[in-house]
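Taking it in order: structure first as structure tokens, then the write-up.
Bear in mind that the values in this text are calculations on the coordinates, not laboratory data. Because the structure is a prediction, the values reported are computed rather than measured. All Cβ positions, even for glycine, are placed from backbone atoms using ideal geometry, and neighbour counts span all protein chains on display.
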Amino acid sequence: MGEWEIIVEDGDLVVEFEKSGENQKKKGKAEKTEKQSGGLLLQPPVLKSMEIRAQSIFRPGQKDIEIVYALSGDGYKTDMLHQFSTEDVLYDSSSIEANVNIENMIAHIKAEIGELPELLVIVHTHPEGTPFPSPQDKLFFRTTAQTIKQHSPGTEVFYGIHAISGGSVRAKKDYKKVNENTIKWSSITHDHEVAFYTKESKPVEVGING
């Protein structure tokens, strides 16, 4: 078995996300993917919540770990962030992988808002990495989309990769759309770059609303 893999254990989908490095960055830039119609709208308060969630993994003197969170909303506008601070959903994580139980993630979201939303964006972090999907990420996109469709056929699912780096004081930079599917900014301690994709790993047009 390879260094990065997706396996099923006792009905749980175990997803090991590859940490993106320079090689992954080069490969991601080399891949040409078809632009997706439609798009996502993110408001500054949602982006701020994403920043806070990603920075919460900071561990002095240790490598940051990967985490998973989700955004939900209606149409193409996200208005809520879902944290998965429970072992039922995210039952193991390190700097290079995150093990996720998709069924429990769905149950968690339903418990928060009563049902699966019209729009769902599942995001995972790449600490000290880049926002390009690895082959394992792409498999995760496809398999989780199938599971969610079984529970809620009307839910449109997208995916995000939240690259975060830093841990020292720096100049703050406002939210900026740097290409069709990517938003970039800096807090006073970390650089953030988030890219969005369809279940087929095609770029999703993203905009900042407000």
**OP:** With 27 Å as the limit, write out which pairs from Lys77/Lys149; Lys77/Lys176; Lys138/Lys177; Lys63/Lys202; Lys138/Lys176; Lys110/Lys176 have Cα-Cα distances beyond it, or answer none.
**Re:** Lys63/Lys202; Lys110/Lys176
Original post:
Does anything in the range 196-210 have its amide N under 13 Å from the 7 Å Cα→Cβ label point of Lys149, and if so which residues?
Top reply: 199-201
Subject >> Extension gain (nm, one decimal) between Ser168 and Asn209, 0.36 nm per residue minus Cα-Cα >> reply: 11.9 nm
Original post:
Fully extended, how many nm does the chain gain between Lys77 and Glu200 (0.36 nm per residue separation, minus their Cα-Cα distance)?
Top reply: 42.2 nm
**OP:** With a cut-off of at most 14 other beta carbons within 10 Å, and DSSP calling the residue loop, which trypsin sites (Lys or Arg not before Pro) in the range 147-208 qualify? Please list them.
**Re:** Arg170, Lys172
**OP:** Calculate, for Val178 and Ala111, the FRET efficiency according to 1/(1 + (r/R0)^6) with r their C-beta to C-beta distance and R0 30 Å; round to the nearest 0.05.
**Re:** 0.25
